[in-house]
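Inspection log for the structure reproduced underneath, given as structure tokens.
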Amino acid sequence: MLILGLDTATRATTAALLNLEAGTVVERRDDPPGGQRPRHTTRLLALAVEAMLEAGCGWEDITRIAVGVGPGTFTGLRIGVSTARALAAARGLPLVGVSTLRSLAHGAAAAAASEGRAVLSVLDARRAEVFAAAWSPGTVADPDARPLLAPCALSPEDLAGALPGPPTTWLAVGEGAVEFRTVLERSGDGRILIPDNGSELHRVSAIDHCRLAIGLPSQNHSDVRPAYLRLPDAELTLRARASARASSDP
């Protein structure tokens, strides 16, 4: 089985190949420097092709596609999911939607277990909020296991209070953990450990999408949709305008 993984939920663009028979993985990614816009549209397919060239395979060798469904940026998720759906439909391939938060936790599960901690995924949701979810390290790869904290959108100040109480301690990973380090460490009262900012544990990797997809059933292509967790900014603006107009009507 040769699985192609794709993710565009964050500013990064990542594509990976997992060859189960050979036991090999290849990843290509684009991580824009701070202040630069994501390059999902121009880089996603190019990165997939680069990964296939290194792996010595072609589109005809792919047997399954896994795509990160978020939560994440609205534009990024639409690009990644629509690209994966189009590729799967055109080539008649099984398609699996993978939670980006679960994938991030999967990549940090071994480190969390070695620390005796649960793993907490935290992505920057903008608007001074984070997307977060948490698992016991040994259950991250189990699709039937309930998370310790279900995926949610909330302020970083409220995150510590939403976590199960002591004695559980947490290894927090992801760009949101880096962005709101001070708030999370303070509000967590020593229960939240965050790796150094440059740690690989903070990066969403399509390799983990591929590994999680092994144990997940394929879905109807139309059923693989972004998991936004909240309304887009544009929709909120429209609703606010409609509410303002309604309140001003005599």
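When the chain is described by a simple charge dipole with +1 on each Lys and Arg Cβ and -1 on each Asp and Glu Cβ, the residue from 226, 94, 141 located farthest towards its positive end is 226. For residue 79, neighbours were defined as the other residues whose beta-carbon sits under 13 Å from its Cβ, and their charges (Lys and Arg +1, Asp and Glu -1) total +4.
Shape annotation for region 101-202: C-alpha extents along the principal axes are 32, 25, 24 Å, from largest to smallest.
A Förster radius of 35 Å combined with the Cβ-Cβ distance from residue 182 to residue 113 puts the calculated FRET efficiency at roughly 0.85.
With all pairs of different C-alpha atoms in the average, the Kirkwood value for the hydrodynamic radius of region 17-105 is 14.2 Å. Checking [x] 18.7, 71; [y] 24.4, 85; [z] 18.7, 57 against the coordinates, the calculated Rg and Dmax of the Cα atoms in Å falls under label [x].
Charging the Cβ of each Asp and Glu at -1 and of each Lys and Arg at +1, and nothing else, the dipole of the chain about its Cα centre rounds to 660 debye. Applying 1/(1 + (r/R0)^6) with r as the Cβ-Cβ distance of residue 168 and residue 41 and R0 = 35 angstrom yields a FRET efficiency of 0.30.
When DSSP beta bridges are restricted to pairs lying wholly in the chain, around 65% turn out antiparallel. Helices in the chain, meaning DSSP H runs of at least 4 residues, each add -39500 (n - 2.57). Divided by all residues, the mean residue ellipticity at 222 nm is -11500 deg cm²/dmol.
Net charge dipole, region 101-202: roughly 140 debye, given to the nearest 20, about the Cα centre with Cβ charges of +1 for Lys and Arg and -1 for Asp and Glu.
Any read-out appearing in this document is the output of simple, stated calculations on the displayed coordinates, not a laboratory observation. Bear in mind the structure is a predicted one, so any value in this text is a computation, not a measurement. Don't worry about glycine lacking a Cβ; one is built from the backbone with ideal geometry, like all the others, and counts go over all protein chains shown.
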